[in-house]
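To start, the structure under review is shown below, and the notes come after it.
The values are calculated or read from the model by the stated rules, or taken from the named source; none is laboratory data. Note that this is a predicted model, so its numbers are computed, not measured. Cβ coordinates were reconstructed from backbone atoms using ideal geometry, including for glycine residues, and neighbour counts include every protein chain displayed.
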Amino acid sequence: LLYLAEKTGLFLSHETRERAATLQWLFWQVGGLGPMLGQNHHFNHAAPQTIPYAIERYQVETQRLYHVLNKRLE
């Protein structure tokens, strides 16, 4: 995504603060939200066995990350 934004000149500001904020949220999604949603889905729908600890852990973390995102969007 970063490559495409830089190549096209779209979606990524040339202003330092705006660019930093955009990159911060991009990396937050790539390093936090994306992986946690993937794990949540895996342990709830694809795992060959039910592991209550994993289900609880990733559901709680997914809810926490959605809360962070919602607070930012308010």
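Quick notes on this structure:
- Yes/no for residue 49 being outside any helix (DSSP H, G or I) and at pLDDT 95 or above: yes
- Options 22, 62; residue that is hydroxyl-bearing (Ser, Thr, Tyr), assigned to a helix (DSSP H, G or I) and under 12 Å from the mean Cα position of the chain (by Cα): 62
- Residue in the range 28-74 that is farthest from residue 2 (Cα to Cα), counting only those that are among the basic types (Lys, Arg) and free of Cβ contacts under 8 Å to residues at least 40 places away in the same chain: 57
- When residue 36 is tested against (1) farther than 22 Å from residue 70 by Cα; (2) surrounded by 12 or more Cβ atoms within 10 Å (Cβ to Cβ); (3) modelled with pLDDT of 95 or more, only condition (1) is not met.
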